[in-house]
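Bear in mind these aren't lab numbers, they're just calculated from the coordinates by the rules spelled out. The model shown is predicted, which means the values in this text are computed figures rather than measured ones. Neighbour counts are summed over all protein chains in view; Cβ atoms, including those assigned to glycine, are modelled from backbone coordinates with ideal geometry.
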Amino acid sequence: MANKVLIFTKRVLPLSNTFVAAQGNNLPNFQPIYIGLRSNKSGIDLIDGQSTCVQEQYEALPVISRLMLDGMQHLMPAWKTALTNLSANLIHAHFGKGGYYCSPIAEKLNLPLITTFHGSDITQRDKFSYNKKHRKIVFQQSSKIIAVSKFIENKLLKAGCPPEKIIQHYTGIDTQYFSSVGQKSEQPTILFVGRLIEQKGCQYLIQAMKIVQAQLPEAELIIAGDGKYQEKLVTSSADFRNITFLGAQNRTQVKALMSSAWLTCLPSVKIDRGNEEGMSTVCMESQAMGTPVVGFDTGGVSEAVEHGVTGLLSPEKNIEQLAKNLLTLLKSNPLRTSFSSAGVERTNRLFNIKRQCQILESIYQELC
């Protein structure tokens, strides 16, 4: 009988959590079972054919009751029975709050718990986060804590996580799926992929496009994503040429966009709440496709992009330098070609998800 791992996200499974599905689906020897408190069908095709177990009673409760249960870490009897019957070997929770939700599950099912911290779940200031008390519970109850980057590892240490529990492990991406195919667009094309929220910084890219298009009027910006800033961004770009908002795109659509784009831009920034990029899946996917990355040097981005080798990074919110870097690569085919080759090589060497999942399973095996 194959070993089983319960993979927890609060919602099963948002489109923004492609990295969770990619990791679970590429485990060579463990059967992934995706569990959570609520259903989210936007990314359900990512785990098509895999087992799921959602706490259906939770969805039927009023919001106030859900909040009370969250605070009490209450495990509903019917869901406990369903999870017990799965006969899993361990639980892998994604995000710090996921580890908090899973602490009572792990205790009641007598299973080891691994919690992966991805970004804002550890970078957010305590005033805004799920608070130090909850984080302390996660540190205590988790057998191992995975940091998706060295940047996140340092944040965990500063937050008081026992160093002997921390394992720095890159999730990786499917480098076979995200491989260079097709032709680049005839006109200079910059791609943005991400949620349209303050932290992702699309507003700075739009401002930089004014400088870019002054020198390259034919330059195009394609924005793939949605979010609460969308209306504001559409309004602010109304007078610009060649800026297209596509809305949220699935994995296949993102791959096609990355294949045809000349560059991908990641203008993420640290915001007042403390949210930062822990590691950038978009950067890894783009470079695997042979598309160089331009962005801000924030959080763990410099671990995904090697400045001057696979892409160009500039200080946060420096719109002039961002525009300069975009223009440098848009105007130089030899430099783009060099960065493209280096990006493919580096991504395959460091972020191949099949190899990374073999390493992850060795962590699982130690705890089973």
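Quick notes on this structure:
- Taking every lysine pair in segment 189-350 that is 8 or more places apart or spans two chains, those with Cα atoms closer than 13 Å amount to 5.
- Computed [θ] at 222 nm, helices only, for the chain once each DSSP H run of length n ≥ 4 contributes -39500 (n - 2.57): -12500 deg cm²/dmol
- Protection proxy ranking, highest mean first, for peptides 113-122, 155-164: 113-122, 155-164, where packing is the per-residue count of other beta-carbon atoms within 10 Å, averaged.
- Set of aspartates and glutamates with alpha-carbon distance to residue 144 below 20 Å, sequence-local pairs under 8 removed: 107, 121, 153, 164, 361, 366
- Summing charges over all other residues whose Cβ lies under 14 Å from the Cβ of residue 352, with Lys and Arg as +1 and Asp and Glu as -1, gives +1.
- Share of pairwise Cα separations in segment 145-217, more than 14 Å, in percent: 76 percent
- Charge dipole magnitude, Cβ of K and R +1, D and E -1 - the chain, Cα centre, debye nearest 20: 700 debye
- Counting other Cβ atoms within 10 Å as a rough exposure proxy, the listed residues 228, 255, 136 run 228, 136, 255 from fewest neighbours to most.
- Proportion of all alpha-carbon pairs of segment 246-346 beyond 21 Å (%): 31 percent
- 350, 111, 205 arranged by Cβ crowding within 10 Å, fewest neighbours leading: 350, 111, 205
- Rule-of-thumb Rg ratio for the chain [Cα; 2.2 N^0.38 Å; N residues]: 1.00
- Footprinting exposure proxy ranking of 258, 76, fewest other C-beta atoms within 10 angstrom first, gives 76, 258.
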